[in-house]
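Here is the structure we will look at.
Just so it is clear, none of the values below were taken in a lab; they were calculated from the coordinates. Quantities reported herein were computed from a predicted structural model and do not represent experimental measurements. Cβ: placed from backbone, ideal geometry, glycine included. Neighbour counts: every protein chain shown.
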Amino acid sequence: MSLLQKVSYRGCEFDLFDLTAINPIGNKFFKLRNNLQLAVKQGHQQILTFGGAWSNHVHALAQIGPQQGFKTIAVIRGEQPVALNPSLQEAQAAGMQLHFVSRATYKQRESLEYLAELEQSFGKFYLLPEGGTNSAGVEGCREIVDILQKTQPEYDEVFVALGSGGTMAGIAKELPKGKSVTGVCVLKGAVGINDSVSALIPDVHNWHIDHEGHCGGYAKCPEDLKTFILDFEAHTGIDLEPVYTGKMIYRLIRLLESSQRLANRRVVAIHTGGLQGRRGYDF
Ligand SMILES: *Cc1c(COP(=O)(O)O)cnc(C)c1O
């Protein structure tokens, strides 16, 4: 796919800015880069992170960590399966050490006591939070806007899929005056997310979180979303997946069709990647 393309679908028009044309791991490339630099600076040899069994973040770290000489470790939510799924198989093949824990244990991922226990087991590591969202991750995502500005500065509103909010926060921070960003939240009932984004970028107000596009909850793919993704792909040749980009584009199309808010706004949607996770679905 090319970095920028015009999309026309069901009478709706927008530009698609495809981060996988920069790096196949999409937005995770921008979230990881400054973190890896920090880890080098701090003299670490290993990086430890957290995620689910299909996590794009875990998969991305497994690919990119070893390129910079790091050993990578991922604490995976849920008991060890009989056979690894393709995403975890690839992570392991890239040298990542997988550590499966119960959901109850996984919930302790921010407790200092549990992190000290992990250090006992694995030795010293650079701690990368779930999803790679910390201030270094947010800073790295500012570059998405720098590249977009050089490619196609003629837009009013950016659309991006939102999980932890780090990517949208970085974009919001870097957007020129007069432009704004909407993050389509892929989690249901994520009431705390607006506050966590505010905490990441306290002085920035050009962003909005849309809570109507989650399609039933994280990683849920109801029939209407599946039908939309297949139809969109067939008409545009652009691949989507159900966890992030499919939900964001589905919501964007519904808004372009119905909402006053987007009338006369030139929209650029960010394709954040994540297509490796499509293999977790049977279509
Ligand atoms: C992780 C991810 C997101 C969400 O990024 P956040 O910074 O957590 O909001 C969006 N799209 C894809 C494809 C992702 O893998």
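Neighbours of residue 217 by Cβ distance under 12 Å: Lys/Arg scored +1, Asp/Glu scored -1, total +3.
Mean sequence separation of contacting Cα pairs (under 8 Å, at least six apart), scaled by the length of the range 1-126, corresponds to a relative contact order of 21 percent. Counting charges near residue 100 (Lys, Arg +1; Asp, Glu -1) among other residues having Cβ under 13 Å from its Cβ returns a value of +1. With a ≥ b ≥ c taken as the square roots of the eigenvalues of the C-alpha gyration tensor of the range 66-132, please select rounded if a/c is under 1.5 and otherwise prolate if a/b is larger than b/c or oblate if it is not? Taking the square roots of the gyration eigenvalues as a ≥ b ≥ c, the range 66-132 is oblate. Close amide-amide hydrogen proximity is noted between residue 159 and 182, 268, 269, 270, each under 5 Å apart and 5 or more residues distant or on a separate chain (H modeled in the peptide plane; Pro and chain starts excluded). Taking every DSSP beta bridge that has both ends in the chain, the antiparallel portion is near 15%. Relative to the current alpha-carbon distance between residue 195 and residue 259, full extension at 0.36 nm per residue lengthens the span by 20.5 nm.
Label zone of residue 122 (point 7 Å out along Cα→Cβ, amide N under 19 Å): in the range 84-106 this covers 84-85, 87-106. Taking Cα centre as origin and charging only the Cβ of basic (Lys, Arg, +1) and acidic (Asp, Glu, -1) residues, the dipole magnitude of the chain rounds to 240 debye. Annotation: lysines with alpha-carbon distance below 17 angstrom to residue 220 (same-chain offsets under eight excluded): 188, 247. Per-residue ellipticity at 222 nm from helix content only, as computed over the chain with -39500 (n - 2.57) for each DSSP H run of at least four residues, stands at -12000 deg cm²/dmol.
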